[in-house]
1. Determine the distance separating the Cα centre of the range 190-219 from the Cα centre of the range 576-592; give it in Å without decimals.
2. For the chain, which whole-number percentage of the solvent-accessible area (1.4 Å probe, protein heavy atoms only) is attributable to carbon and sulfur atoms?
3. Using the Karplus curve 6.51 cos²θ - 1.76 cosθ + 1.60 with θ = phi - 60°, what ³J(HN,Hα) values do you get for each residue of the range 54-63, in whole Hz, with x for Gly and Pro?
4. Name the aspartates and glutamates eligible as straight-distance cross-link partners of Lys344: C-alpha to C-alpha under 14 Å, and not fewer than 8 places from it in the same chain.
5. Where the centre of each part is set by its Cα atoms, how far does the range 502-534 sit from the range 291-361, in angstrom?
6. Test of understanding: given the chain, find the longest segment containing no chymotrypsin sites (Phe, Trp or Tyr not before Pro) that are in a DSSP loop and have at most 15 other Cβ atoms within 10 Å.
7. Can you give me the long-range amide H partners of Arg334? Hydrogens built in the peptide plane at 1.01 Å from N, cutoff under 5 Å, separation of 5 or more residues or another chain.
8. Net charge within 15 Å of Asp360 by Cβ-Cβ distance, Lys/Arg positive one each and Asp/Glu negative one each, not counting Asp360 itself?
Amino acid sequence: MKKTDGMESIKGIGSKKATLLKQLGIETIEDFLLYFPFRYEDRATHVPLDEIRTEDKVFSSGRIVSFQTSRPKPKMTITKITVCSELGKEGVITIFNNPYLQKQYSVGDCIQFYGMCQIKGRKILFSSPEIEPFGKNVLMNYIYPIYPLVKGLSNHDMVNAMRTILQSLGELEEVFPESLLQKRSLAPFDFAVRNIHFPHSVSALKSARYRLIYQEFFMLQMHLLNLRNKDETARSFVLKELEQAKSFFDKIPFELTNAQKRVLQEMTEDLKQEKPMQRLVQGDVGSGKTVLAWYATYLTFLNGYQTVLMAPTEVLAKQHYEGAKKLFEGSGVRIVFLSGSISKKKKEEIYQGISDGDYDLVIGTHAVIQEGVHFSKLALAITDEQHRFGVKQRGKLSKQYEISPHILVMTATPIPRTLTLVLQGDLDISIIDELPKGRKQIETYAIEQKKAHMVYGQCIGELQKGRQLYIVCPLVKESEVLDLKSAEELYESLKTGVFSSFRVGLLHGKMKSSEKTEMMRQYQEHEIDVLVSTTVIEVGINVPNATVMIIEDAQRFGLSQLHQLRGRVGRGSDQSYCYLIYRGYDQVALKRMQVMTSTNDGFVIAEKDLEIRGPGEVLGVKQHGIPELKLADFTKHQKVMFASKEDIQELTDKRLVCSEQERKTLGDRVEETFQKKMEHLVMN
Ligand code: ADP
Ligand code: MG
């Protein structure tokens with residue numbers, strides 16, 4: 001048996017169950033070994049019938065005294081087995097619909113059983129426990145693993161297959177160098193795997209878990225470090241900090257915050273280097289990331305090179321385009337917009353212009369990384385709100401050219417602090433942890449659907465003051481199943497109802513691109529007071545005069561999405577408001593509302609999100625290239641994560657000794673682990 005063998009080769013699995021296992025992500029024996037139980041049952045502690053004092057699941061035994069079978073209905077049999085302990089305590093086991101039991105066992109046999117018990121006078125009652133001959137020890141007499149399952153596979157199938165595999169495999173190869181095992185007193189890999197499935201004891205389970213959690217963090221961080229080191233040879237254009245660049249600040253009507261200044265400094269320092277910048281600028285919604293991107297763009301332009309800026313939605317890309325046009329007017333920066341909705345002929349022309357170097361700044365959606373787009377001298381690639389882009393797409397921008405562009409990634413999705421520390425392997429991180437002066441907290445309220453009309457009424461005051469209002473709905477078309485308010489329907493009713501004396505507009509994803517652009521323009525220029533919209537406005541949109549955000553069916557949105565949506569208001573110095581209109585009493589949804597009404601801080605929200613959902617989902621595994629850690633949890637096991645980080649460092653600078661062979665084993669192992677899982681994610 002080899003670790004790479006398929007699961008169908010295992011006795012008791014066969015092709016049908018092997019297919020089911022694939023649904024769990026298990027194809028090979030190795031996958032299976034690393035498929036961990038999610039809980040355990042204590043079937044190790046044998047409690048004699050005489051000593052049972054509490055009604056709980058228990059592992060006990062006895063000698064069969066009598067059988068009694070009844071048939072209350074034609075298709076139902078009830079078997080009662082009376083057992084007796086050595087000291088004469090009686091137990092009564094009730095089993096439904098298994099008339100064969102009486103053939104398997106006889107009076108006088110000793111059996112062991114595991115199940116829920118009930119104390120009834122002087123007897124102990126068991127209903128449908130698992131039973132086996134005393135001493136057989138297949139179902140009990142050990143700590144019993146419980147695995148996540150799919151329909152058609154029983155836990156018993158899993159346990160049997162695991163046992164078969166662990167019995168046939170020799171000692172599992174150690175991954176870590178001896179020095180590391182020693183330093184952290186880590187259990188050997190073989191011990192850890194065997195004991196995570198069939199723990200010899202609770203303490204063995206603990207050390208197995210610790211070792212595997214440590215290993216998950218270690219492998220992930222090592223992998224990220226490798227990714228980064230691969231880029232070590234890459235070269236970029238050097239972007240000098242020219243005196244002329246200072247004139248940029250004359251173009252903007254405000255002074256940068258200290259946080260913005262600091263991040264600007266970090267960026268320009270990077271851009272001066274031949275080594276490509278790989279920087280993530282993380283700043284809460286409204287913290288002013290865009291202006292930094294434009295400064296870097298301007299610097300690139302002055303140095304004679306091209307910049308590309310990619311945004312996740314057409315609406316946002318268009319906003320950036322309009323903003324850049326205004327900002328760079330008269331400065332000589334030649335700007336072009338590129339998106340999927342542009343005609344083929346026009347696109348060809350734009351492609352030509354880009355490769356001829358006729359444009360200094362290309363702004364668009366993912367259309368900017370399509371085949372056909374070749375920059376003549378691309379020095380800076382910016383992605384805005386990158387959480388919508390995969391690592392791969394980012395990579396696509398940088399790997400195409402012999403001279404790599406500097407990479408600037410801007411995001412408001414606050415990667416929680418703990419994750420940030422891990423991700424540092426991949427990107428340098430700058431944080432804008434300060435909002436521009438004069439910003440006020442957005443007052444946030446969660447309101448039940450049946451009181452929504454009061455909210456609309458209150459908004460009239462804001463509209464009369466000349467402010468604008470967003471109303472966001474989750475779906476476009478009315479859905480019979482979900483009974484959610486569709487944007488179209490709501491738009492109709494508000495336009496003719498409560499907001500009839502104001503100008504109401506509608507924006508949704510199904511509209512033509514030109515219609516969307518026009519609607520955004522009207523809202524931006526305050527030709528519209530109320531914008532009813534779907535989540536197309538979720539990211540990045542900046543209309544500082546809008547002060548009210550109403551989110552319909554807020555229970556349907558995740559925390560980071562709610563925070564992003566709320567971030568569309570509070571972008572000027574006026575007091576802003578956010579109303580979360582919800583229906584139903586889903587506990588998790590209510591918890592989210594509670595978080596939203598209690599804080600405006602994106603970092604806090606992200607940490608809460610992590611708690612509620614777990615890290616895999618927060619990052620969007622597919623989008624980010626972080627495989628879900630199976631046992632390791634960023635919030636619970638921070639110490640372990642830091643420990644592994646420190647050890648990687650020590651191994652790298654050889655403070656922690658290891659042989660060439662050990663180094664190679666570890667390196668290969670990291671590659672192997674991530675090659676398969678991350679094939680679709682790795683930058684290339
Ligand atoms: P985000 O970080 O969410 O992308 P933006 O870059 O869109 O935020 O900026 C939000 C708003 O704040 C914009 O209207 C922008 O002009 C303004 N802004 C940015 N920096 C400052 C500053 N230092 N002082 C005042 N307003 C600022
Ligand atoms: Mg933005």
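The values are calculated or read from the model by the stated rules, or taken from the named source; none is laboratory data. Bear in mind the structure is a predicted one, so any value in this text is a computation, not a measurement. Glycine also receives a Cβ, built like all others from the backbone with ideal geometry; neighbour counts cover every protein chain displayed. Each accessible area value is taken on the protein alone, full model and side chains, heavy atoms only, with ligands, DNA and RNA left out. Shrake-Rupley method; radii C 1.70, N 1.55, O 1.52, S 1.80 Å.
1. 40 Å
2. Working: 16120 of 31790 Å².
C and S atoms contribute 51 percent here.
3. 10, 8, 7, 6, 8, 9, 9, 7, x, 9
4. Glu371
5. Using only Cα atoms, the two centres lie 23 Å from each other.
6. Values: sites that count: Phe38, Tyr100, Phe134, Phe254, Tyr585.
Result, exposed sites excluded: 255-584.
7. The answer is Asp360, Leu361.
8. So the surrounding residues net to 0.
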